[in-house]
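Before any comments, here is the structure.
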Amino acid sequence: MSLTSKKKLAILVSGTGSNMQALIEAAKKPSYPAKVQVVISDKKNAPALEKARKHGIPTIVIDPKLFGSKIDHDQMLITTIKQYQINLICLAGYMRILSKTVVDAFPKKIINIHPSLLPSFPGLHPVKDALTAGAKETGTTVHFVDEGVDTGPIIAQVKVSIQKGDTEDILHERIKKEEHILYPKAVEKVIHELKTD
Ligand code: GRF
(Lines give C-alpha, C1' and ligand atoms only; values in the text may rest on other atoms or scores of the structure.)
Protein backbone atom coordinates (compact mmCIF):
# COMPACT_ATOMS: atom_id res chain seq x y z
CA MET A 1 0.00 0.00 0.00
CA SER A 2 1.45 3.40 -0.96
CA LEU A 3 1.98 5.89 1.84
CA THR A 4 -0.53 8.28 0.32
CA SER A 5 -3.35 5.74 0.31
CA LYS A 6 -2.86 4.77 3.95
CA LYS A 7 -5.51 6.10 6.36
CA LYS A 8 -4.28 8.54 8.98
CA LEU A 9 -4.30 7.68 12.67
CA ALA A 10 -4.05 9.99 15.67
CA ILE A 11 -3.07 8.19 18.87
CA LEU A 12 -4.05 9.75 22.20
CA VAL A 13 -1.90 8.79 25.20
CA SER A 14 -1.26 9.72 28.83
CA GLY A 15 1.37 7.24 29.94
CA THR A 16 3.78 4.52 28.92
CA GLY A 17 2.62 4.10 25.36
CA SER A 18 3.24 0.40 24.83
CA ASN A 19 0.02 0.08 22.83
CA MET A 20 0.96 3.19 20.86
CA GLN A 21 4.30 1.56 20.11
CA ALA A 22 2.56 -1.60 18.89
CA LEU A 23 0.43 0.49 16.52
CA ILE A 24 3.45 2.45 15.28
CA GLU A 25 5.33 -0.75 14.54
CA ALA A 26 2.39 -2.39 12.78
CA ALA A 27 1.83 0.75 10.72
CA LYS A 28 5.41 0.68 9.45
CA LYS A 29 4.65 -2.42 7.41
CA PRO A 30 3.99 -1.41 3.81
CA SER A 31 0.88 -3.61 3.65
CA TYR A 32 -0.72 -2.06 6.78
CA PRO A 33 -3.66 0.18 5.78
CA ALA A 34 -2.86 3.03 8.18
CA LYS A 35 -0.04 5.31 9.28
CA VAL A 36 0.42 7.17 12.55
CA GLN A 37 0.13 10.85 11.71
CA VAL A 38 0.31 12.39 15.18
CA VAL A 39 0.50 11.43 18.85
CA ILE A 40 -1.38 13.66 21.29
CA SER A 41 -0.88 13.58 25.06
CA ASP A 42 -2.65 15.36 27.89
CA LYS A 43 0.53 14.97 29.99
CA LYS A 44 3.74 16.70 28.97
CA ASN A 45 5.90 14.08 30.70
CA ALA A 46 4.20 10.99 29.31
CA PRO A 47 6.95 8.49 28.36
CA ALA A 48 4.92 7.71 25.24
CA LEU A 49 5.93 11.09 23.79
CA GLU A 50 9.64 10.28 23.69
CA LYS A 51 8.88 6.88 22.14
CA ALA A 52 6.81 8.52 19.40
CA ARG A 53 9.52 11.10 18.71
CA LYS A 54 12.09 8.35 18.28
CA HIS A 55 9.94 7.08 15.44
CA GLY A 56 9.84 10.57 13.92
CA ILE A 57 6.14 11.01 14.65
CA PRO A 58 4.91 14.53 15.47
CA THR A 59 3.80 14.87 19.09
CA ILE A 60 1.50 17.46 20.61
CA VAL A 61 0.69 18.09 24.27
CA ILE A 62 -2.81 19.39 24.95
CA ASP A 63 -2.80 19.85 28.72
CA PRO A 64 -6.32 20.49 30.05
CA LYS A 65 -4.86 22.46 32.97
CA LEU A 66 -3.67 25.15 30.58
CA PHE A 67 -7.15 25.96 29.28
CA GLY A 68 -9.61 28.34 30.87
CA SER A 69 -12.54 26.00 30.30
CA LYS A 70 -13.33 22.47 29.24
CA ILE A 71 -14.94 23.81 26.07
CA ASP A 72 -11.70 25.58 25.09
CA HIS A 73 -9.72 22.40 25.69
CA ASP A 74 -12.14 20.26 23.70
CA GLN A 75 -12.12 22.74 20.86
CA MET A 76 -8.32 22.64 20.70
CA LEU A 77 -8.38 18.84 20.63
CA ILE A 78 -10.94 18.82 17.82
CA THR A 79 -9.12 21.49 15.80
CA THR A 80 -5.78 19.71 16.14
CA ILE A 81 -7.19 16.38 15.03
CA LYS A 82 -8.93 18.04 12.07
CA GLN A 83 -5.73 19.84 11.06
CA TYR A 84 -4.04 16.48 10.64
CA GLN A 85 -6.97 15.17 8.52
CA ILE A 86 -7.27 12.13 10.72
CA ASN A 87 -9.39 9.15 9.65
CA LEU A 88 -9.32 7.25 12.96
CA ILE A 89 -8.53 8.28 16.54
CA CYS A 90 -7.04 5.55 18.74
CA LEU A 91 -7.04 6.04 22.49
CA ALA A 92 -4.11 4.13 23.95
CA GLY A 93 -3.95 4.65 27.68
CA TYR A 94 -5.51 8.14 27.39
CA MET A 95 -6.78 8.71 30.89
CA ARG A 96 -9.52 11.24 30.17
CA ILE A 97 -13.15 10.74 29.33
CA LEU A 98 -13.95 12.43 26.06
CA SER A 99 -16.84 14.89 26.22
CA LYS A 100 -19.94 14.65 24.05
CA THR A 101 -18.56 17.57 22.01
CA VAL A 102 -15.46 15.60 21.06
CA VAL A 103 -17.27 12.31 20.51
CA ASP A 104 -19.88 14.02 18.30
CA ALA A 105 -17.14 15.70 16.24
CA PHE A 106 -15.84 12.30 15.10
CA PRO A 107 -18.77 9.87 14.88
CA LYS A 108 -17.63 6.20 14.76
CA LYS A 109 -14.06 7.42 14.37
CA ILE A 110 -12.79 7.03 17.94
CA ILE A 111 -11.74 3.69 19.40
CA ASN A 112 -10.22 2.62 22.72
CA ILE A 113 -8.49 -0.38 24.23
CA HIS A 114 -9.49 -1.40 27.74
CA PRO A 115 -7.91 -4.19 29.81
CA SER A 116 -10.99 -6.27 30.64
CA LEU A 117 -13.64 -8.26 28.86
CA LEU A 118 -16.19 -5.50 28.61
CA PRO A 119 -18.92 -5.08 29.74
CA SER A 120 -17.19 -6.60 32.80
CA PHE A 121 -14.95 -4.28 34.79
CA PRO A 122 -15.25 -0.89 33.11
CA GLY A 123 -13.59 2.13 34.73
CA LEU A 124 -10.25 3.03 36.19
CA HIS A 125 -9.06 -0.22 37.82
CA PRO A 126 -10.23 -3.07 35.60
CA VAL A 127 -7.32 -5.40 36.35
CA LYS A 128 -7.54 -4.96 40.11
CA ASP A 129 -11.34 -5.27 39.97
CA ALA A 130 -11.12 -8.60 38.09
CA LEU A 131 -8.71 -9.95 40.72
CA THR A 132 -10.84 -8.68 43.60
CA ALA A 133 -13.94 -10.27 42.10
CA GLY A 134 -12.14 -13.63 41.99
CA ALA A 135 -12.69 -13.91 38.23
CA LYS A 136 -11.13 -16.93 36.50
CA GLU A 137 -10.45 -14.98 33.36
CA THR A 138 -10.33 -11.45 32.13
CA GLY A 139 -8.90 -10.01 28.91
CA THR A 140 -8.91 -6.95 26.76
CA THR A 141 -11.43 -5.19 24.56
CA VAL A 142 -11.19 -2.77 21.66
CA HIS A 143 -14.38 -0.74 21.37
CA PHE A 144 -15.83 2.37 19.78
CA VAL A 145 -15.92 5.32 22.14
CA ASP A 146 -19.18 6.95 23.10
CA GLU A 147 -19.91 9.37 25.93
CA GLY A 148 -20.03 6.64 28.55
CA VAL A 149 -17.17 5.05 30.44
CA ASP A 150 -16.01 2.04 28.39
CA THR A 151 -19.49 1.51 26.97
CA GLY A 152 -19.31 1.82 23.16
CA PRO A 153 -19.87 -1.06 20.69
CA ILE A 154 -17.26 -3.81 20.92
CA ILE A 155 -14.92 -4.36 17.97
CA ALA A 156 -12.67 -7.18 19.23
CA GLN A 157 -11.80 -9.04 22.42
CA VAL A 158 -9.23 -11.53 23.66
CA LYS A 159 -9.45 -13.59 26.84
CA VAL A 160 -6.60 -13.88 29.33
CA SER A 161 -6.76 -16.47 32.09
CA ILE A 162 -6.11 -15.39 35.66
CA GLN A 163 -3.50 -17.54 37.36
CA LYS A 164 -2.83 -18.34 41.00
CA GLY A 165 -0.45 -15.76 42.46
CA ASP A 166 -1.28 -13.08 39.90
CA THR A 167 -0.80 -9.54 41.15
CA GLU A 168 -2.32 -6.55 39.41
CA ASP A 169 1.01 -5.77 37.73
CA ILE A 170 1.74 -9.32 36.61
CA LEU A 171 -1.75 -9.78 35.21
CA HIS A 172 -1.75 -6.38 33.52
CA GLU A 173 1.56 -7.16 31.82
CA ARG A 174 0.11 -10.45 30.51
CA ILE A 175 -2.96 -8.60 29.26
CA LYS A 176 -0.79 -5.97 27.58
CA LYS A 177 1.05 -8.66 25.60
CA GLU A 178 -2.32 -9.61 24.10
CA GLU A 179 -3.27 -5.96 23.62
CA HIS A 180 -0.19 -5.37 21.49
CA ILE A 181 -1.41 -8.06 19.09
CA LEU A 182 -5.11 -7.22 19.27
CA TYR A 183 -5.03 -3.44 18.84
CA PRO A 184 -3.24 -3.35 15.46
CA LYS A 185 -5.58 -6.08 14.17
CA ALA A 186 -8.67 -4.23 15.42
CA VAL A 187 -7.50 -0.97 13.83
CA GLU A 188 -7.00 -2.79 10.55
CA LYS A 189 -10.53 -4.16 10.78
CA VAL A 190 -12.04 -0.73 11.47
CA ILE A 191 -10.05 0.86 8.66
CA HIS A 192 -11.39 -1.69 6.19
CA GLU A 193 -14.91 -0.88 7.33
CA LEU A 194 -14.48 2.90 7.14
CA LYS A 195 -16.48 4.60 4.47
CA THR A 196 -14.26 6.47 2.01
CA ASP A 197 -13.49 9.77 3.64
C1 GRF B 1 -3.56 -0.49 28.58
O2 GRF B 1 -3.71 -1.63 29.37
C3 GRF B 1 -4.87 -0.08 27.97
O4 GRF B 1 -5.74 -1.13 27.78
C5 GRF B 1 -5.44 0.85 29.01
O6 GRF B 1 -4.35 1.53 29.55
C7 GRF B 1 -3.17 0.74 29.38
C8 GRF B 1 -2.19 1.62 28.66
O9 GRF B 1 -0.92 1.05 28.60
N10 GRF B 1 -6.44 1.72 28.45
P11 GRF B 1 0.18 1.61 27.60
O12 GRF B 1 0.36 3.09 27.92
O13 GRF B 1 -0.30 1.38 26.22
O14 GRF B 1 1.42 0.83 27.93
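The values are calculated or read from the model by the stated rules, or taken from the named source; none is laboratory data. Small disclaimer: the values here were computed from a predicted structure and weren't measured. Note that we place each Cβ from the backbone using ideal geometry, even for glycine, and neighbour counts take in every protein chain shown.
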Return the residue satisfying two criteria in turn: it lies in segment 92-117 and is touching an Asp or Glu at 6+ places or on another chain (Cβ under 6 Å) and of a type outside the set (V, I, T), and of such residues it is nearest to the ligand (Cβ to nearest atom). H114
Scope segment 116-149; condition surrounded by 20 or more Cβ atoms within 10 Å (Cβ to Cβ) and touching a strand residue (DSSP E or B) at 6+ places or on another chain (Cβ under 6 Å); matching residues: S116, L117, L118, A130, T138, G139, T140, T141, V142, H143, V145
Scanning segment 8-32 for residues that are crowded, with 21+ Cβ neighbours inside 10 Å and not aliphatic (A, V, I, L, M) gives G17, N19
For segment 157-174, pairs from a residue that is under 16 Å from H114 (Cα atoms) to a residue that is crowded, with 18+ Cβ neighbours inside 10 Å and of a type in the set (S, T, N, Q), with Cβ under 8 Å and 6 or more apart or across chains, are Q157/T140; Q157/T141; V158/T140; K159/T138; V160/T138; V160/T140; L171/T138
Among the numbered criteria (1) modelled with pLDDT of 95 or more; (2) more than 24 Å from K177 (Cα to Cα), which one does L3 miss? (1)
For segment 175-194, how many residues are among the acidic types (D, E) and without any contact (Cβ under 8 Å) to a residue 40 or more places away in the chain? 2
